[in-house]
Amino acid sequence: MKPLLLAALCGRYETVDFLLNRGHKLQRPHPPKCMCDECLAMDNVVAAGTEKLNTYRALSSPTYLCRTSATDPILACFRLHDELLERGAYEQVYETAYTSLALQVKQFAVSLIVNCRTSDEVKVLLRNRDGCKFRGAFPYPRLITAMDHKQKEFVGHSSIQQLLESVWIGDWIEWKSYSTLRKCAYPAWRLLMLPLTILLAVLAPSTSMSRDSRLPIKRMFDNLAMYCVFLALLFVQSNADRFETRRGMPIDSVPWLLIAVFVISHAVEKIKLRLLQGPQRFFGNLWNVFDTVKLTLFTVAYLAWAVAGLQARWVDDDLDRKYWHWADPQLVAEGLFAVATVMAFLRLLFLCRLNYYIGPMQVSLGKMLNDFGKFATFLAIIMVAFTCGLGTLYSPYKDMERKDPETGQVTRQEDSFVTVADTFKTLFWGIFCMTPLEAPNVVVGSAIAGGDADVDVQSHDFTQLVGYGLFAAFEVMMVIVMLNMLIASMSDTFQRVADNSDYEWLFGRTKVYLDYMLLDDLPPPFNLLPTVTGVMRVMRRLLSVSAGFEKFRDLADDANDDDDGHHQEEYRVLMVQLIKRYFIRMAQINRSD
């Protein structure tokens, strides 16, 4: 074992500093999927695995991190945390050890936040832009970096949450004293005040009244109010009288046209957010993926309506619905519109994260979907296996009928397992115990020409016994074993989230906060209106790229560089103080022990 590695493991800062100054260094392990000659030539995998683990233990030591990454140990912790999780996922033999090291590194980053004594120090820490991939303007880019690295304990720390809360509500401290009923009714008030808000944002965005109305929490209520209007239009359109409708776009329907405007404005909002965040961060948020799918369905539905309108010019416009082809664009549009409407209403779940009581349950719901995804793997394998077996067994009996020679009663073979599609449908509903018990019956055809019954036809009892046995095995495996396993897994997930509900909920709530802080736009569909701020922003971009304003651009860049340099210097000074406080605190804890 190298001296530097041993000193780092023992937490001897002076020894680590001495050895590093003498030229000693720790060789960082190669990436897990490295295919270099050194990695390929490695023959003693046991010794190599132990050596890598010990090296990462030394690299994860707070002493080594503070000495080698003194300028920004927090960012070093974020990156090392992800590296440890990646290494653990690749080397599953040591996954528990690497996960423990990742937790240790995560806690060290939190301990530096704990040593911040004032809100100004927290602001200096969060203003650092190193490692932030967000392209837009945001006062606390380090918070975005922590969100990207999924540092839930760091984001959920009380100091950061208090600072974030102050930005969220601004000077509107009266909001916390409102009753629950008044808070629930406030979106209706924002809807009534929306014309004034829009007028101020378009014509006078720099006034104090306009800035007050554009607080993130009030922007959230504006968006919620207009989204409720959008849902009301969807409800009206979904329950409109269909007896008078014709193929094609219902351009005479006012709700239909307003919904199109809302869809366009929401698409513009998502495109702007995608340009600001970049593809990796944008699609890393599953709610953005959800919105993208929803808007795509709405768009395709409207395009299908347009195609149906063009076809109506060539075909009879009054053609009755029962004569339409199953893939008629009108039917496709209606189906996609129905699915998109369901997704639009489900979008309200996004705001449930803001509530202290409902938020953890919404987080648990998302985690449980991961459990269901794992369960779906077993479900697919079992369904395919029994579908092939039962379909092969019952397919020769399709459409067979047996006539009782005494009573003349005709019994027809059930369609439950005669085809692959029917078998899959029967087994799927069998999971919920909705398949009839007569489904596995075997009917051997006995009817002959002339309507008489063939008395020599045998009953295939063995085939029926095998069918009942397979169906019973499927029911036992799925209903008793797999469903209970899924319920137990979901219960464990819910309990795990409940035990860590503070950090899980605060992390989810911070995502909602950031979504409304990053875009300072009017709520859809009013974000399509030109504003003074938007016009000035476009003009500045046009002027900045013109040859006549190169000097102005250089001066602006120099000013920005000076601000960044000032913030970097403040951050470096703060990191030195936080590291000193950390070691003093650890020394006090060790003495007390």
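The values are calculated or read from the model by the stated rules, or taken from the named source; none is laboratory data. Remember, predicted model here, so these are calculated numbers, not experimental data. Virtual Cβ from ideal backbone geometry, glycine too; neighbours counted across all protein chains shown.
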### Message
On the basis of being among the small types (Gly, Ala, Ser) and touching a Phe, Trp or Tyr at 6+ places or on another chain (Cβ under 8 Å), does Ser111 make the cut?
### Response
yes
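Counting only residues that are under 22 Å from Pro62 (Cα atoms) and at pLDDT 90 or above, which one in segment 129-146 is surrounded by the fewest Cβ atoms within 10 Å (Cβ to Cβ)? Spell out the reasoning first.
Narrowing segment 129-146 to residues under 22 Å from Pro62 (Cα atoms): 130-131, 142-143, 145-146.
Next, from what is left, pick out any that are at pLDDT 90 or above: 142-143, 145-146.
Numbers: Arg142: 25, Leu143: 26, Thr145: 23, Ala146: 28.
The qualifying residue surrounded by the fewest Cβ atoms within 10 Å (Cβ to Cβ) is Thr145.
I need the full set of residues from segment 398-424 which are closer than 27 Å to Ile382 by Cβ and surrounded by fewer than 16 Cβ atoms within 10 Å (Cβ to Cβ), in order please.
Lys398, Thr419, Val420, Ala421
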### Leu336 being modelled with pLDDT of 85 or more and surrounded by 16 or more Cβ atoms within 10 Å (Cβ to Cβ)
yes
### Task
Go through segment 306-346 and give me each residue that's in a loop (DSSP other than H, G, I, E, B) and more than 30 Å from Phe290 (Cβ to Cβ).
Val315, Asp316, Asp317, Asp318, Leu319, Asp320, Trp324, His325
### Query
Within segment 479-500, is even one residue modelled with pLDDT of 85 or more, in contact with a Ser or Thr (Cβ under 7 Å, 6 or more places away or on another chain) and among the small types (Gly, Ala, Ser)?
no
### Task
Tally the residues that are surrounded by fewer than 14 Cβ atoms within 10 Å (Cβ to Cβ) and in a helix (DSSP H, G or I), restricting the search to segment 169-210.
19
### Task
With the condition kept exactly as written, say whether any residue in segment 111-121 is among the basic types (Lys, Arg), crowded, with 16+ Cβ neighbours inside 10 Å and part of a loop (DSSP other than H, G, I, E, B).
no
### Query
So which helices (runs of 4 or more DSSP H) are wholly in segment 16-88 and hold at least 2 residues that are under 19 Å from Thr99 (Cβ atoms)?
45-59, 62-68
### Query
Across segment 339-363, which residue is farthest from the chain's Cα centre (by Cα) among those that are of a type in the set (Phe, Trp, Tyr) and modelled with pLDDT of 85 or more?
Phe345
### Residue within segment 109-129 that is without any contact (Cβ under 8 Å) to a residue 40 or more places away in the chain, more than 27 Å from Tyr64 (Cα to Cα) and among the aliphatic types (A, V, I, L, M) present
no
## Note on the structure
Of (1) in contact (Cβ under 8 Å) with a residue 40 or more places away in the chain; (2) surrounded by fewer than 16 Cβ atoms within 10 Å (Cβ to Cβ); (3) of a type outside the set (Phe, Trp, Tyr), Gly309 satisfies every one except (2)
### Task
Filter segment 64-76 for residues that are without any contact (Cβ under 8 Å) to a residue 60 or more places away in the chain and under 15 Å from Met575 (Cβ atoms) and give the result.
Leu65, Arg67, Thr68, Ser69, Ala76
### Task
Might you let me know whether segment 100-107 holds any residue that is under 21 Å from Lys33 (Cβ atoms) and part of a helix (DSSP H, G or I)?
yes
### Task
Test Asp72 against the criterion of being under 25 Å from the mean Cα position of the chain (by Cα) and not hydrophobic (A, V, I, L, M, F, W, C), and give yes or no.
no
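Just name the residue that is nearest to Arg211 (Cα to Cα) out of those in segment 167-185 that are of a type in the set (D, E, K, R) and modelled with pLDDT under 90. Walk me through how you get there before you give the answer.
As a first pass, look at segment 167-185 and keep what is of a type in the set (D, E, K, R): 171, 174, 176, 182-183.
Still in the running and modelled with pLDDT under 90: 171, 174, 176, 183.
Values: Asp171: 11, Glu174: 17, Lys176: 20, Lys183: 21 Å.
Filtering segment 167-185 for residues that are of a type in the set (D, E, K, R) and modelled with pLDDT under 90, the one nearest to Arg211 (Cα to Cα) comes out as Asp171.
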### Query
Which of the residues belonging to segment 460-486 are surrounded by fewer than 13 Cβ atoms within 10 Å (Cβ to Cβ) and either among the acidic types (Asp, Glu) or over 45 Å from the mean Cα position of the chain (by Cα) (or both)?
Asp461, Phe462, Leu465
